[in-house]
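First up is the structure itself, then whatever we jot down about it.
Each reported figure results from applying straightforward, stated rules to the coordinates on display, with no laboratory input. None of these values were measured; they are calculated from a predicted model. Reconstructed Cβ throughout: ideal geometry from the backbone, glycine too, with neighbour counts over all protein chains shown.
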Amino acid sequence: MSVEIGASMPATGRVSQMVLSVVLDAPLDTAFDYLWVEPAEQPERPQVGQLVLVPFGRRKVVGLVIDIKESSELPADKLRELMEIRTQLPVLSEAWIALCQFAAEYYQRPLGEVALPSLPKGLRGESAAVLERALKKLAAQAPTAVPAGHVDRPQLNAEQQNAVNAIVQGEGYQAYLLFGVTGSGKTEVYLQAAEHLLQRARDAGQRAQVLMLVPEINLTPQLEGSVRARFPALQVVSLHSQLAEGERLRQWVSAHLGQADIVLGTRLAVLCSMPHLKMIIVDEEHDASYKQQESLRYSARDLAVWRAHQLQIPIVLGSATPSAESWLHGSTGRYQQLTLTQRAASNAQLPQVRLIDTEVNKPVDGFSQPLLIALRERLERGEQSLLFLNRRGYAPVMHCEACGWISNCRRCTAFMVLHKPEKRLRCHHCSLELRIPSACPTCGNVDVQPLGRGTQRVEEYLQLAFPSARVLRIDADSTRRKGSAQAAFDAVHRGEVDILLGTQMVAKGHDFQRLTLVGVINPDTALFSQDYRAGERLFAQLMQVAGRAGRAAVSEGDQAKAEVLIQTRYPSHPLYQALMAHDYPRFANAMLSERRAAHLPPYAFQALLRAEAKSLTNALEFLAQARELMPHSGVTINDPVPMTITRVAGVERAQLLLESSSRTRLQTFLKPWMQALRALKTRVSWTLEVDPIDI
Ligand code: ADP
Ligand code: ZN
Ligand code: ZN
């Protein structure tokens, strides 16, 4: 039985009613109907794109109205009444809902699980008071017209100028791949292109907003500083996961109201509502942190491209080492490639990359003689050095030579890492912590040794080898406290550090002016990884960390002293050879040929079904069942296999890889397959990832 209700129903004291189709943050791929009855005192009608408070089970939750209907299929006694419409907030636009809808369909998630979690918590609470307070605060600080004072901008070089011209001359949608070596002034291109487009919109009497995505929270302050300095009259907000809730709410609402002219943010900002969006910038577009690795596993870069296309606006993807995907699009002309070949600051040179053959110069305690000599020279000259080692902790494992015991985590297929300052063994996968054993747990041998080397151990060595040097370690352990990473980077910028040592945290984006030496301690392991993307990542990482050296303008005659020293056992490896020549195109083209030959992305499209269970057999059986669930022509489904790190925190994990040469065919298969999977009653927990980057 269904009820028919319409605006024409005879009034029974109540004027009119409607049925609203509402999506909620729930793992059900459906919208829910709620009845709206016009209250006498509030004649405003509900609209698509409004947030509403509704009863759901015994809870009250906030949902998003996606449709307004005359009637519901639900029986009248099942149709519950809406509780509240958040009219305080302007509606979310059709375009924004379409963006969420696309993400939901492409990544195979319910719309509600995409749209609602993308909103700040303050909008999703039971009470509207939080939102009202935020709105009041924003109204109070409404933009006062700032006189356009004089702003310094560097004179662009010819390549930068070409890039800016190309971007601002385009009409409608166009993706630009800004391929520029480290220090080539990509930021300046973003800023001047943005300035131009904002100004043009303003001259045409239109409103305009720019979205600028960056990979790392730690990079936002530096960039935010440059952007604010460049646009003193504009409102710049930043959005990232470390903002306090209240702040995040205000920044988001200010973007949604169109008050914020420029939104700077990490990946989550790609779903920010920006009604006047006119340009998107994705800095370091190749960076893996644009990929969200939990719940909605989306690529912010890919969504940004879709959004630009949807809105028919330009998008600039910048990188010194573009992703294989973008490089391919650049070479086929799908993206327009703009190239910056030189460092922008006057006389700043690309550092010289030297490979230290560790067969010849055997490292002692991790350091070869040439690296030690280079460090000493920098100390004597009062210059800064950076040492890169992508492994935190003191040693990746402990072991007993007498009996062969090693510090396995009892809950994971992984080693417990020695953290010496904290006096702990720590599993980086399940966070299990143990005291450092004073003797071997198996044979009682008191001489249990650390094996291998992490940042803490290198730090300890440096303090012994260079007692007067100011050594600073930056990694996830040293920067646990909020604000401590920023403080550490500030100290480096102020010149209070002689040797900076760190993981990939130090590789990205920072413009250290006094740095003339980069040492890479042990990069080789990535050369032999099972992951076909490991080479691409290693090249990007090394290029980026190398790019920290020699960025400052120097006087003539003082040049060419910035060096990058890489310790390796494989100096003739093509990856290192291309790096030495600063030749990313050579590396990238070789990589693409290999990928094409092996039918790997970007020449193939993949999805990964992961299963987790108490027993590996159950996980594998579930995947085998999933594999046979439906005929799959045009899509290859590989055999189920255990994941490399099979067990984490006592849970066994396995995966099933799907591949197709056609994105459409893969998508066409996934939708009904997901429905069939959801219908399976299984105790195995599973997730699907489209375009996985870690396989
Ligand atoms: P990238 O992002 O390409 O690595 P940046 O944008 O950080 O490079 O620029 C590197 C340095 O060059 C910065 O200090 C920047 O201020 C400076 N710079 C950029 N463009 C110019 C220019 N046209 N003239 C002089 N200096 C410039
Ligand atoms: Zn032992
Ligand atoms: Zn563990």
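The table that follows gives values for the structure above.
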quantity	calculated
Under 5 Å, built H, 5+ apart or other chain: amide partners of residue 454	395
Within the chain: Cβ-based charge dipole about Cα centre, in debye rounded to nearest 20 (Lys, Arg +1; Asp, Glu -1)	1000
Mean Cβ neighbour count within 10 Å, used as a protection proxy, ranking 301-313, 123-135 highest first	301-313, 123-135
Anisotropy class of region 147-204 from Cα gyration tensor, a/c 1.5 cut	oblate
Table column - 3J(HN,Hα) (Hz), region 81-98, Karplus curve with 6.51, -1.76, 1.60, x for Gly and Pro	8, 4, 9, 6, 10, 7, 5, 4, 9, x, 5, 6, 6, 4, 4, 5, 5, 5
Environment charge at residue 211 (Cβ cut-off 10 Å; Lys +1, Arg +1, Asp -1, Glu -1)	+2
P(r) of region 331-470 over all Cα-Cα pairs, binned every 10 Å from zero, in whole percent	10, 27, 25, 20, 13, 5, 1
Modelled label reach - residue 481, point 7 Å along Cα→Cβ, region 487-518 residues with backbone N closer than 12 Å	487-488
Largest-first principal axis extents of the Cα set of region 538-677 (Å)	70, 37, 28
Estimated inter-spin distance, residue 629 and residue 663, nm [label 7 Å along Cα→Cβ]	2.4
Computed lengthening from residue 26 to residue 598, 0.36 nm per intervening residue step minus Cα-Cα distance	202.0 nm
Distance between region 611-643 and region 283-361 - C-alpha centres, whole angstrom	34
Candidates per trypsin sites (Lys or Arg not before Pro) in region 486-550, loop by DSSP, up to 10 other Cβ within 10 Å	494
Proxy reagent accessibility, fewest Cβ within 10 Å first, across 261, 447, 498, 511	447, 511, 498, 261
Entries of 60/671; 137/291; 423/482; 614/681; 137/186 with Cα pairs more than 26 Å apart	60/671; 137/291; 137/186
Long-range HN-HN contacts of residue 174 with modeled amide H, under 5 Å	313, 315
Principal-axis tilt of helix 369-381 within the chain, Cα atoms, nearest 10 degrees	80
Translational diffusion coefficient (Stokes-Einstein; Kirkwood radius from C-alpha pairs) of region 609-675 at 4 °C, 1.567 mPa s, in µm²/s	104
19 Å Cα-Cα reach of residue 69 towards lysines, excluding residues that sit fewer than 8 places from it in its own chain	78
Region 370-384 versus region 66-90: alpha-carbon centroid distance in Å	69
Using alpha-carbon coordinates, inclination of helix 220-230 to the longest axis of the chain, degrees	80
The chain: equivalent-ellipsoid semi-axes (sqrt of 5 x gyration tensor eigenvalues, Cα, Å)	46, 34, 25
Isotropic mean projected area of the C-alpha convex hull, region 399-470 (nm²)	5.6
Table column - 3J(HN,Hα) (Hz), region 175-183, Karplus curve with 6.51, -1.76, 1.60, x for Gly and Pro	9, 10, 9, 8, 9, x, 4, 4, x
Simple label model, 7 Å out from Cα along Cβ direction - residue 257 to residue 37, nm	3.5
Modelled FRET efficiency - R0 22 Å, residue 402 with residue 464, Cβ distances, 0.05 increments	0.20
Computed label-point distance, nm, for sites residue 573 and residue 445 using a 7 Å Cα→Cβ extension	3.0
Antiparallel bridge percentage (DSSP; both residues within the chain; nearest 5)	50
Given charges at Cβ of Lys, Arg, Asp, Glu: the chain dipole, positive-most of 356, 578, 305	356
Helix 616-627 axis, angle to the chain major axis (alpha carbon atoms, nearest 10°)	60
Rounded FRET efficiency, nearest 0.05, which uses the C-beta distance separating residue 158 from residue 580 and R0 of 22 Å	0.25
Residues whose placed amide H lies under 5 Å from that of residue 84, excluding near-sequence neighbours	53
DSSP-defined antiparallel bridges as percent of all bridges, region 210-306, nearest 5	10
Average projected area [Cα convex hull, region 641-689], square nanometres	4.3
Rounded FRET efficiency, nearest 0.05, which uses the C-beta distance separating residue 86 from residue 682 and R0 of 41 Å	0.65
